[in-house]
1. Report yes if Y108 is open to solvent by 10 Å² or more (accessible area, probe 1.4 Å) and in contact with a helix residue (DSSP H, G or I) (Cβ under 9 Å, 6 or more places away or on another chain), otherwise no.
2. Enumerate the pairs (first residue in segment 81-97 and more than 18 Å from H309 (Cβ to Cβ); second residue anywhere and of a type in the set (S, T, Y) and outside any loop (DSSP other than H, G, I, E, B)) with beta-carbon separation below 8 Å, excluding pairs fewer than 6 apart on the same chain, so at least 6 apart or on different chains.
3. If we scan segment 92-99, do we find a residue that is touching a helix residue (DSSP H, G or I) at 6+ places or on another chain (Cβ under 9 Å), assigned to a helix (DSSP H, G or I) and at pLDDT 95 or above?
4. Of all strands (runs of 3 or more DSSP E) completely enclosed by segment 317-422, which ones contain at least 1 residues that are open to solvent by 40 Å² or more (accessible area, probe 1.4 Å), in contact with a helix residue (DSSP H, G or I) (Cβ under 8 Å, 6 or more places away or on another chain) and closer than 24 Å to N43 by Cβ?
5. Looking at (1) of a type in the set (A, V, I, L, M); (2) within 22 Å of I307 (Cα to Cα); (3) open to solvent by 50 Å² or more (accessible area, probe 1.4 Å), which is the only condition V130 fails?
6. Take G145 and tell me if it is under 21 Å from the mean Cα position of the chain (by Cα) and of a type outside the set (A, V, I, L, M).
7. For K164, which of the numbered conditions (1) buried (at least 21 other Cβ atoms within 10 Å of the Cβ); (2) assigned to a helix (DSSP H, G or I) fails to hold?
8. Scan segment 245-258 residue by residue and report those that are open to solvent by 10 Å² or more (accessible area, probe 1.4 Å) and either in contact with an Asp or Glu (Cβ under 6 Å, 6 or more places away or on another chain) or assigned to a loop (DSSP other than H, G, I, E, B) (or both).
Amino acid sequence: MTKILIKSIKILDKESSHHGKTKDVLVENGKIKEIGKIDAKANEVIDGKGKILSPGWVDMRAWLADPGYEHKEDLTSGREAAMAGGFTHVAVLPNTKPVTQSKNDVAYVRAGNQKALTQLHPIAAVTLDVKGEDLTEMIDLHEAGAIAFSDGLKPIWHSDILLKTLQYLQKFDGLLIDKPEDIHLNMFGVMNEGINSTMLGMKGMPNLAEDIIVQRNLDILAYAGGRLHMTNISTPHALSLIKNAKKKGLNVTCDIASYQTSFDDSALHDFDSAYKVNPPFRTAADNKAIIKGLQDGTIDAIVSSHIPHDEECKKLEYDLADFGINGLQTVATDIAKLSEKVEMELLIEKVTSAPRNLLKLDAATIEEGNSADLTVFDPNAEWTLNGKSNKSKSVNSPYWNQKLKGKAVAVFNNGQYQINNA
């Protein structure tokens, strides 16, 4: 009989009767046995002072590269990185080889869930081979266990495909996830278009490339109906468009990458490809608009946007390097940094209840008798992302070998637990 006692921890869970209170929590054999003032023997005792207990964190956007690119990441290493990052559920992008577009592909991603702490939920492709041309069999994929539909790392560039998908998914109230980007306006772009790109002599990626696709998506959503989630939003105008669409009653939601406001385009003056992401780091003024979007509820969720790469894809001239950051383990650091400007309770919602609702996952309310699907987060814990602490196969992070603040120190789910000491 395994007992874990968490002492004097602040509970953040709006659905719980203990929300905002500091309590002891006893987890026994995968269940929340008791909440209150507890003096009991336990196999493990976690000092909860200064820490936060919430429902298990949910990531709506991670590329785990398996099958086909296992040298970058595989499902096992991806799960390890997710657990170290505080995630008990991860929605997995379909951009693999083969693409997640058949019942067997969906089953492959889900295969280890029965025995695993972190549950992997496959996002199935909208179009065959994510080329944007021909639709997949989405009803079959939904019945096989696909949690949402997206072309993942690629935007849905074909307007008629977007329209038909929104109509098709209404048969089962499915969620369409799109990364809004005009691929032609961004062609050959490597960083944010602006003063810094001009100074560095690099081809820019304009805000316009995101803004016009957000507007297109919203217009088609208003026409077709359905549920649309736009991911990795980075511009003030895009946020303004989404905010206004919500006021009009459109069923639209959005997220940001957790790292988006941790840097701006001035960080690229050393031509360090660890900072090369899509959408790119924008300006400090753009970041202020994102902070406001978090505060006013325009932004619904925060995602890791975990895109692991091997050294051969990153240790190149900046313009040749691939886009992406190894992000699963540093979301907690980004949230700790964001909490200087945004209320912590709001930020926790954006990695717990909000993504759960969007993906229609079961609630994980912190009440006695419920299954323990929990994350223990220490906003003040100091640690270093390096070869010892990194659980991913990849090292493409702007945080590499830096002393960081903010860490997920324990996770509970599926009758299991892990304490992240390293």
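1. Yes; evaluated as a whole, the condition is true for this residue.
2. That search, which allows pairs on different chains as well, returns G86/T375; F87/T375; T88/T375.
3. no
4. The strands (runs of 3 or more DSSP E) meeting that bar are 416-419.
5. Exception for V130: condition (3).
6. So G145 passes the test.
7. (1)
8. Across segment 245-258, the qualifying residues are K248, G249, L250, N251, T253.
The values are calculated or read from the model by the stated rules, or taken from the named source; none is laboratory data. Just so it is clear, the structure is predicted and the values come from calculations on it, not from any experiment. FYI the Cβ positions are ideal-geometry reconstructions off the backbone, even for glycines, and counts take in every protein chain you see. Please note that ligands, DNA and RNA were not included when accessible areas were found on the heavy atoms of the full protein model with its side chains. Shrake-Rupley method; radii C 1.70, N 1.55, O 1.52, S 1.80 Å.
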